[in-house]
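Reading through the structure tokens given below for one structure.
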Amino acid sequence: MKIVLKIGGDLLKGEEPNISLIEDIKEFSKRGGLIIVHGGGDRVTEIATKLGKEQKFVISPEGFKSRYTDRETVEIYAMVMAGEISTKIVGMLQSFGINAIGLSGFDGGLLRAKRKERIVIVDENGRKRAIDGGYTGKIISVNEKLLELIITNGYVPVISPLAMGETFEPLNVDGDRTAGAIAGAIKADYLIFLTDVEGVIIDNKIIPKISLEDLEGALRKIGPGMSTKVHAAAEAIRGGVGKAIITSGFIDRPITNAIEERSGTIICR
Ligand code: ADP
Ligand code: MG
């Protein structure tokens, strides 16, 4: 069973990890085919600020919020994601006997991306404006052979959301999109997003299940953060992934409960 697990940056940081989640990861890693993708945008912002590099965020007309990534920012982004956060997660998992291996999307041609030359943003006055895309990319290919090599040899890859651009430059790629692209490329059975809410909330209720069709209409009721996951989930399902589930990473046995359809929001065909 192939599972791609996206974990929010805060979930496995070390101070107060959800032990039940780590036990669940261990259980599924024994069965083989588990791939982890991590986030950590808040930590990037924290470190960048400490370095005196104020972070800017932009909103697209579709409502996606993203970091404006200039050259200095992508360097800090790589340091924090592939350095600090990856190391912490790998250490945490190894301490529980899980054979985790940190890998950034930049390594071994794992993720190739196309740099966004221009991006359209909505400015403070609500007007649309095209600006330089900076160092952000759209994933165009996944080296699934490299992933197969790692997982069939008993390792659990922990992937940082970084990609290699066409001129070998590092690019910031969204963690949710990265998980979706990888899940699609390996035709995963499950794509599971572990986050800080129990699922997709529509009209004040967590919805247990939603089809791709119904999702279209529901999107305008979904805000930044969650809408990225929902889009990544939809893309993965169209790409051949069995099911995508968005659920809380703070509950008991979050992976088991998601797969047994006892928690979260399931997005299906
Ligand atoms: P992660 O670190 O897991 O990517 P994000 O903060 O990016 O977490 O995304 C999850 C957040 O999305 C939630 O904490 C919530 O504030 C926000 N959100 C916006 N709209 C919704 C919605 N309709 N249902 C659930 N969460 C939503
Ligand atoms: Mg997020």
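The values are calculated or read from the model by the stated rules, or taken from the named source; none is laboratory data. A quick note: this is a predicted structure, and the numbers were derived from the prediction, not measured. Counting neighbours? That spans all protein chains shown, and the Cβs are built from the backbone with ideal geometry, glycine included. Heads up: the accessible areas ignore ligands, DNA and RNA and are worked out on the full protein's heavy atoms, side chains in. Shrake-Rupley method; radii C 1.70, N 1.55, O 1.52, S 1.80 Å.
List of remarks:
- The range 225-269 and the range 24-85 have Cα centres separated by 20 Å.
- Rounded to the nearest 5, the antiparallel percentage of DSSP beta bridges internal to the chain is 45%.
- Kirkwood hydrodynamic radius of the range 1-114, from the reciprocal of the average inverse Cα-Cα distance over all distinct pairs: 15.6 Å.
- The heavy atoms of residue 68 offer some 50 square angstrom of accessible surface to a 1.4 angstrom probe.
- In nm, spacing of pseudo-spin labels at residue 101 and residue 140 (7 Å Cα→C-beta vector): 2.7 nm
- The residues 70, 189, 196, sorted by heavy-atom accessible surface at 1.4 Å with ligands and nucleic acids left out, run 196, 189, 70 from largest to smallest.
- Surrounding net charge for residue 197, when Lys and Arg each add one and Asp and Glu each subtract one, Cβ distance under 13 Å: -1
- Label-point gap, in nm, between residue 269 and residue 169 - each point 7 angstrom along Cα→Cβ: 4.0 nm
- Accessible surface of residue 177 - all protein chains present, 1.4 Å probe, nearest 10 Å²: 60 Å²
- Label-point separation in nm, residue 26 to residue 129, each point 7 Å along Cα→Cβ: 5.2 nm
- Near residue 202, the amide H atoms lying under 5 Å from its own belong to 207; only residues 5 or more places off or on other chains count, and H is placed 1.01 Å from N.
- Computed E for residue 72/residue 15 - FRET, C-beta separation, R0 25 angstrom, nearest 0.05: 0.30
- With loop membership from DSSP and a limit of 13 other Cβ atoms within 10 Å, the longest segment of the chain without GluC sites (Glu not before Pro) is 167-259.
- Remark on residue 2: its backbone amide H falls under 5 Å from those of 189, 190, a criterion applied only to residues 5 or more positions apart or on other chains, H modelled at 1.01 Å from N.
- Per residue, the accessible area of the chain comes to 46 Å², computed with a 1.4 Å probe over protein heavy atoms only.
- Loop-located chymotrypsin sites (Phe, Trp or Tyr not before Pro) in the range 161-236 (DSSP state other than H, G, I, E, B) with a sparse environment of at most 16 neighbouring Cβ atoms within 10 Å: 168.
- Portion, in percent, of the accessible area of the chain that falls on carbon or sulfur, probe 1.4 Å: 51 percent
- Accessible area, probe 1.4 Å, largest first, for residues 106, 250, 28, 57: 250, 57, 106, 28
- 11 Å cut-off, amide nitrogen to a point 7 angstrom out along residue 220 Cα→Cβ, residues in the range 240-269: none
- Each Lys or Arg adds one and each Asp or Glu takes one away; over the other residues whose Cβ falls under 14 Å from the Cβ of residue 148, this sums to +2.
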